[in-house]
Amino acid sequence: MSVAGEHDPSALPPEEMQRAQLYALLARLLARPPGGEFLAALSALDGSALDGDASPLGQALRGLAEAARGTDAAAVEEEFNTLFIGVGGGILSPYGSYYLTGFLHEKPLAELRGDMALLGIARADDVKEPEDHIAALAEMMAGLITGAFDAPADLEAQRRFFDRHIGSWAGRFFTDLESTPSAAFYRAVGTLGHRYLEVEGKAFDMAA
């Protein structure tokens, strides 16, 4: 995504940086398969920086680390292609419009584009995927938290974006990813996404 403004993310509270980093991690994993160096970095995750090692989110991060240790870049790339690309389409369709209407390029995408324009977010010229791809939406949430598109969005603005464009469908996508027989490494990604969206949804509700 291209940006309309810049903000120094180092001024954010640590918990906000942690939120942004988790969204950015999901965005990276769902945009393209991780290479060997990234898998090596993932294998070191332990979840200890999160609300205790026993928290569901901490467990999900450790599960991702274990999955990274048990595979290699070639296997993950093959899995990614099977799940999301395939010949004529992958097993899963990671787009908001598809989950909400059963079709691509429908009203949810148009509504997202309208909100993106209001927030100063524009699709980069080299991006071909529709903007309601789950990776793009996670990247947008990270940017709203850090101020990548302008000043950091307040919690109410973040919640509106989350509820309209992520919370309304992405939990089902991550549940499908967790339960898809073709998923191995990406089953752990599905669990992480599922757990993180639960945490975010509860946090927004408590802040309301």
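The values are calculated or read from the model by the stated rules, or taken from the named source; none is laboratory data. Here the structure is a predicted model, which is why all the values come from computation and not from measurement. Cβ coordinates were reconstructed from backbone atoms using ideal geometry, including for glycine residues, and neighbour counts include every protein chain displayed. Note: areas computed on protein heavy atoms with side chains; ligands, DNA, RNA excluded. Shrake-Rupley method; radii C 1.70, N 1.55, O 1.52, S 1.80 Å.
Convert each backbone phi in the stretch 36-46 into a coupling constant with the Karplus relation 6.51 cos²θ - 1.76 cosθ + 1.60 (shift: θ = phi - 60°), then list the ³J(HN,Hα) values in order as whole Hz, x for Gly and Pro.
Result, ordered by residue: x, 5, 5, 4, 4, 5, 5, 5, 8, 5, 10 Hz.
5 Å is the cut-off here: which amide hydrogens, built 1.01 Å from N in the peptide plane, fall below it relative to A122, excluding neighbours closer than 5 in sequence?
S2
Looking at the square roots a ≥ b ≥ c of the eigenvalues of the Cα gyration tensor of the stretch 14-207, which shape do they give, rounded for a/c under 1.5, prolate if a/b is larger than b/c, or oblate?
oblate
Roughly to the nearest percent, how much of the accessible area of the chain is carbon and sulfur, given a 1.4 Å probe?
On the chain, the fraction of accessible area on carbon and sulfur atoms equals 54 percent.
Beta carbons within 10 angstrom, averaged per residue: use that to sort the peptides 61-71, 141-151, highest first. Provide the component values of the computation, followed by the final result.
Numbers: 61-71: 18.5, 141-151: 20.9.
Peptide ranking by packing, descending: 141-151, 61-71.
Indicate the gyration tensor shape class of the stretch 34-103 (rounded, prolate or oblate), computed on the Cα atoms with a ≥ b ≥ c the square roots of the eigenvalues: a/c under 1.5 is rounded; otherwise a/b larger than b/c is prolate and the rest oblate.
On the way: a/c = 3.66, a/b = 1.47, b/c = 2.49.
Since a/c reaches 1.5 but b/c is at least a/b, the shape of the stretch 34-103 is classed as oblate.
Over the stretch 40-153, give the accessible area per residue in Å² for a 1.4 Å probe, as an integer.
49 Å²
Rank F185, F84 by accessible area, highest first, at a 1.4 Å probe radius?
Accessible-area ranking of F185, F84, largest first: F84, F185.
Using a 1.4 Å probe and ignoring any ligands, DNA or RNA, find the accessible area of L104 and quote it in Å² to the nearest 10.
80 Å²
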